[in-house]
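Here is the structure we will look at, set down as structure tokens.
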Amino acid sequence: MEAVVARGLTYRYQPGGPLVLKDIDFHVSRGEIAAVTGLSGCGKSTLCYCICGAVHHNRDGVMTGQVLLNGKNIRELRAASLALEVGMVFQDPDTQLFSPTVEDEIAFAPENLCLPPAQIRERVEQALDLLGLAALREANPYRLSGGEKHLVALAAVLALDPPVLVLDEVMSQLDQAGKKRVAAALKRLRDMGKAVIAVEHNLEAVSFADRLLVMEKGELLSCGRTAELLADREFMEARGLIYDPPGL
């Protein structure tokens with residue numbers, strides 16, 4: 001069974017409006033990292049919102065087609081059930097952070113699941129260790145750098161242990177050390193059987209992904225092995241994703 005399946009997925013912000021996503025079909029397996037790229041405005045973030053169910057539960061708009069998470073149609077899942085199937089880190093982490101300390105932020109979701117205290121503590125420690133945040137456990141998330149906020153938001157999502165992770169531009173505000181931390185964490189999560197979908201402009205930051213999904217104007221143009229697509233310079237240049245100055 002595939003972890004994520006999209007079939008004929010379309011989305012428009014309002015009835016009768018232009019299509020933002022146009023007949024998207026793809027799947028992501030367990031133990032696989034799929035990177036999504038394309039120029040700004042191509043529909044990458046909207047695709048993320050559709051996968052995690054945000055457009056269905058919290059946003060206006062019209063979505064057609066199907067999104068399945070581990071064989072379950074997101075239309076049939078309540079918000080609480082969705083949180084156990086998929087975790088998303090948004091492009092702006094300030095929309096997700098609200099607790100007074102990093103440790104409290106990570107513990108919040110497991111506490112609301114009424115997990116035993118020992119299990120909550122274990123999940124918090126695992127998330128802190130995985131992302132190298134132990135030294136910040138008592139810090140106020142609002143006083144952290146943009147990159148550190150992204151790491152805390154990711155740690156909070158990991159504490160729920162969802163089988164599917166969706167990351168919207170998580171690498172964008174990280175320094176090189178932070179990018180290496182996240183890349184190492186994602187590889188470990190892949191080895192644990194998680195399915196990861198990571199939206200990124202910086203292709204170098206996600207070169208370790210198993211597959212690359214290239215979007216343009218709401219369409220999924222290509223979905224193939226990352227190394228093969230990156231090697232197709234003519235295709236990537238035509239999409240405006242890489243550029244070689246004249247004479248090089």
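The values are calculated or read from the model by the stated rules, or taken from the named source; none is laboratory data. As the structure is a computational prediction, the values presented were derived from the model and not from experiment. All Cβ positions, glycine included, derive from the backbone under ideal geometry; neighbour counts span all protein chains shown.
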Exercise. Are any of the residues in the range 18-25 farther than 19 Å from Leu82 by Cβ, of a type in the set (A, V, I, L, M, F, W, C) and surrounded by fewer than 18 Cβ atoms within 10 Å (Cβ to Cβ)?
Worked result: yes
Exercise. Just wondering, is there one or more residues in the range 50-66 that are in contact (Cβ under 8 Å) with a residue 24 or more places away in the chain, of a type outside the set (D, E, K, R), in contact with a Cys (Cβ under 9 Å, 6 or more places away or on another chain) and part of a loop (DSSP other than H, G, I, E, B)?
Worked result: no
Problem set entry | the range 111-127, residues that are under 20 Å from His150 (Cβ atoms), in contact with a helix residue (DSSP H, G or I) (Cβ under 6 Å, 6 or more places away or on another chain) and of a type outside the set (Lys, Arg) | Val124, Ala127
Problem set entry | Members of the range 150-163 that are within 19 Å of Gly53 (Cβ to Cβ), in a helix (DSSP H, G or I) and either among the aromatic types (Phe, Trp, Tyr) or touching a strand residue (DSSP E or B) at 6+ places or on another chain (Cβ under 8 Å) (or both) | Ala153, Leu154, Val157, Leu158
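Rundown of residues vs (1) within 16 Å of Ala83 (Cβ to Cβ); (2) surrounded by fewer than 21 Cβ atoms within 10 Å (Cβ to Cβ), yes/no style:
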residue	(1), (2)
Val102	no, no
Glu105	yes, no
Leu113	yes, yes
Ala127	yes, no
Leu130	no, yes
Glu138	no, yes
Leu151	no, no
Seminar exercise, completed: Selection from the range 159-177 of residues on the phi < 0 side of the Ramachandran plot and among the acidic types (Asp, Glu) yields Asp168, Asp175
Exercise. Is it fair to say Ile120 is of a type outside the set (Asp, Glu), surrounded by 22 or more Cβ atoms within 10 Å (Cβ to Cβ) and farther than 24 Å from Ser29 by Cα?
Worked result: no
For this session: Check whether at least one residue in the range 41-50 is among the basic types (Lys, Arg), buried (at least 19 other Cβ atoms within 10 Å of the Cβ) and under 17 Å from Leu221 (Cα atoms), and report yes or no.
Result: yes
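Taking the range 26-40 as the search range and keeping residues that are among the small types (Gly, Ala, Ser) and buried (at least 21 other Cβ atoms within 10 Å of the Cβ), which one is farthest from His201 (Cα to Cα)?
By that ranking, first place goes to Ala34.
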Exercise. Tell me, which residue of the range 79-98 that is modelled with pLDDT of 90 or more and among the β-branched types (Val, Ile, Thr) is farthest from Ser40 (Cα to Cα)?
Worked result: Val86
Exercise. Since Arg12 meets every condition but one in (1) surrounded by fewer than 21 Cβ atoms within 10 Å (Cβ to Cβ); (2) within 30 Å of Arg143 (Cα to Cα), which condition does it not meet?
Worked result: (2)
Problem set entry | Sole exception among (1) at pLDDT 95 or above; (2) over 20 Å from the mean Cα position of the chain (by Cα); (3) farther than 22 Å from Ala177 by Cα for Asp60, by number | (1)
Exercise. If you go through the range 1-37 one residue at a time, how many are part of a loop (DSSP other than H, G, I, E, B) and modelled with pLDDT under 95?
Worked result: 8
